[in-house]
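> I'd like to ask some things about the structure below.
The values are calculated or read from the model by the stated rules, or taken from the named source; none is laboratory data. Treat the numbers as computed from the prediction; the structure is a model and nothing was measured. Every residue, glycine among them, receives a Cβ derived from its backbone with ideal geometry; neighbour counts consider all protein chains shown. Just the protein is used for accessible areas: all its heavy atoms, side chains included, with ligands, DNA and RNA removed. Shrake-Rupley method; radii C 1.70, N 1.55, O 1.52, S 1.80 Å.
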Amino acid sequence: MSPPPVDVAVVVVTYNSADVLPGLLDSLAAGLSGLSWQLVVVDNGSHDDGVARSLDLVPGCTVVRMGRNAGYAAGLNAGVSAAPPHRAVLVLNPDVRLEPGCVALLLDALGSGVGIAVPRLADSGGHLHLSMRREPTVLRALGDAVLGTRRAGRWSLLGELVTDPRAYDGPATPDWAEGSTQLISVRCWQTCGGWDESFFLYSEETEYGLRARDAGYATAYVPAARATHLQGESTTSAGLWALLVANRVRLHRRRHGWLSGTAFWGVVVLREASRAAVGRPTSRAALKMLTSSRRMRESPGPHTVAWSG
């Protein structure tokens, strides 16, 4: 007889994350208060002691060793496959900190057409972290290029990022949300399948959120649920920024075809070229990748992140 499912399978994908991982693990018990859960740590070939720390701090957690840097989506999919039966999957970055009762509120939001629930996020300074997104379009990419991300985001037609702080005060249904903290119902996961491993890093949460929406599973923003996201290096690392930008173009091309994809690429090139012209190294790296047909055709991987132009 199989054991009853836990409420939540908590899946954390790590890559040299030992410095931030303990803070996340310390927050799990309070964040998942009132729920049954099982932690699955998936390690993408780290060179630190993150796995050992996980076993020390959360005895009985499941550890999956990928043996290589397989990418975020591949790690997540492997973690879900290794998890015990569950009602929902909690996707967490290692640099997230859950506030008490966060996950129970997210779990209550699932169902009735909602397949993904996300909390209100703060940054390391306690300020609102803008996490809701609109579907990428050519017009929104142009608004971002001409007006800048924050200014364009004030208008739904012109900005992908929802930048009006008032929009974060009440419940909402964005097209998708950033992927650091997401609770996904098992029904949504079973219907939509796992995350797309071909992106390696960045845009995989965009693709999944839009794919889930297309299948009838909305994303619910739950402001009463709170967490902190310390955030990573994508805006300062040339290689990571180049991959982030290139994957946005790859995703749009897949969803909308060659004509719209080419227009989207052109607008993104315009944006990165204007930033590169004023000396921004991340944009210079992105521009070189966007204008390299070989780089845009090849499958992203660790070599892509290491490459900065």
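> Which percent of the accessible area of the chain is formed by carbon and sulfur heavy atoms (probe 1.4 angstrom)?
On the way: 7170 of 13320 Å².
Here it works out to 54 percent.
> So if we plug the beta-carbon distance of Gln190 and Thr262 into 1/(1 + (r/R0)^6) with R0 = 30 Å, what FRET efficiency do we get, rounded to 0.05? Mind dumping the intermediate values first?
Numbers: r = 35 Å, r/R0 = 1.18.
Efficiency at R0 = 30 Å is approximately 0.25.
> Which value, in debye to the nearest 20, gives the size of the charge dipole of the chain about its Cα centre, when Lys and Arg are +1 and Asp and Glu are -1 at the Cβ?
Details: 30 positive and 27 negative charges, 253 e Å.
Charge dipole of the chain: 1220 debye, to the nearest 20.
> Percent relative contact order of the stretch 138-221, based on C-alpha pairs within less than 8 angstrom and at least six residues apart?
Numbers: 88 pairs, mean separation 21.0, N = 84.
The value is 25 percent.
> Once you keep just the Cα pairs under 8 angstrom separated by 6 or more residues, what percentage relative contact order results for the stretch 118-163?
Numbers: 68 pairs, mean separation 15.6, N = 46.
Relative contact order, the stretch 118-163: 34 percent.
> Right, next: Using the charge dipole of the chain (Lys, Arg: +1 at Cβ; Asp, Glu: -1 at Cβ; taken about the Cα centre), state which of Leu147, Leu105, Pro119 has its Cα farthest towards the positive end.
Going by the charge dipole, the pick is Leu147.
> Viscosity 0.890 mPa s, temperature 25 °C: what is the translational diffusion coefficient of the stretch 113-208 from Stokes-Einstein with a Kirkwood Rh over Cα pairs, rounded to a whole number of µm²/s? Walk me through the numbers before you get to the answer.
Values: Rh = 14.5 Å.
D = 169 µm²/s.
> With a probe of 1.4 Å, find how much accessible area the stretch 107-245 has per residue, and write the answer as a whole number in Å². Kindly include the intermediate steps, with their values, before the conclusion.
Working: 5770 Å² over 139 residues.
Ligands and nucleic acids excluded, the figure is 42 Å² per residue.
> Something else: Out of all DSSP beta bridges with both ends in the chain, state the antiparallel percent to the nearest 5. Spell out each step's value before the answer.
Details: 17 of 42 bridges.
Around 40 percent of the beta bridges assigned by DSSP in the chain are antiparallel ones.
> Quick one: angle between helix 281-290 and the longest Cα principal axis of the chain, in degrees between 0 and 90, rounded to 10, please.
80 degrees
> Output ³J(HN,Hα) for the stretch 240-256: one whole-Hz value per residue in order, computed from phi by the Karplus curve 6.51 cos²θ - 1.76 cosθ + 1.60 with θ = phi - 60°, and x for Gly and Pro.
5, 5, 4, 5, 4, 5, 4, 5, 4, 5, 4, 5, 4, 5, 5, 7, 10
> Can you tell me what percent of all Cα-Cα pairs in the stretch 19-101 are more than 18 Å apart? Please report the intermediate quantities before stating the final value.
Working: 1384 of 3403 pairs.
The share of Cα pairs beyond 18 Å in the stretch 19-101 comes to 41 percent.
> Ok, one more. Measure nothing but the geometry: give the 0 to 90° angle between the long axis through the Cα atoms of 21-31 and the longest principal axis through the Cα atoms of the chain, rounded to 10°.
Taking the Cα atoms of the chain, the angle to 21-31 is about 60 degrees.
> Looking only at Cα atoms, what is the convex hull volume of the chain per residue, in Å³? Don't skip to the end; give the middle numbers.
Values: hull volume 41.1 nm³, N = 309.
Here the figure is 133 Å³ per residue.
> So, one more: Can you tell me, using C-alpha contacts under 8 Å and at least 6 residues apart, the relative contact order of the stretch 19-105 as a whole percent? Don't skip to the end; give the middle numbers.
On the way: 113 pairs, mean separation 40.9, N = 87.
Relative contact order of the stretch 19-105: 47 percent.
> To continue, here is another question. Test of understanding: given the chain, find the longest segment containing no GluC sites (Glu not before Pro) that are in a DSSP loop and have at most 16 other Cβ atoms within 10 Å.
On the way: sites that count: Glu233, Glu298.
Value returned for the longest uninterrupted segment is 1-232.
> A further question follows. For the chain, what does -39500 (n - 2.57) per DSSP helix run (n ≥ 4), summed and divided by total residues, give at 222 nm, in deg cm²/dmol to the nearest 500? The partial results should precede the final answer.
Numbers: 12 runs with 129 residues, N = 309.
Mean residue ellipticity, 222 nm, calculated: -12500 deg cm²/dmol.
> Explain nothing, just compute: Karplus ³J(HN,Hα) = 6.51 cos²θ - 1.76 cosθ + 1.60, θ = phi - 60°, for every residue of the stretch 204-212 in order, whole Hz, x for Gly and Pro.
In residue order, the calculated couplings are 5, 6, 4, 4, 5, x, 6, 5, 5 Hz.
> Continuing with the same structure: Non-local amide H neighbours of Trp176 (under 5 Å, H modeled in plane, Pro and chain starts lacking H): which ones?
Distant-sequence amide H within range of Trp176: Arg133.
> Calculate, in nm to one decimal, what Ala224 and Arg280 gain on full extension: separation in residues at 0.36 nm each, minus their alpha carbon distance.
Details: separation 56, 0.36 × 56 = 20.16 nm, distance 3.76 nm.
Working it through step by step, the gained length comes to 16.4 nm.
> What are the ³J(HN,Hα) couplings of the stretch 217-231, residue after residue, when phi is run through the Karplus curve with 6.51, -1.76, 1.60 and θ = phi - 60°? Round to Hz, x for glycine and proline.
10, 7, 9, 10, 8, 10, x, 6, 7, 10, 7, 10, 10, 5, 6
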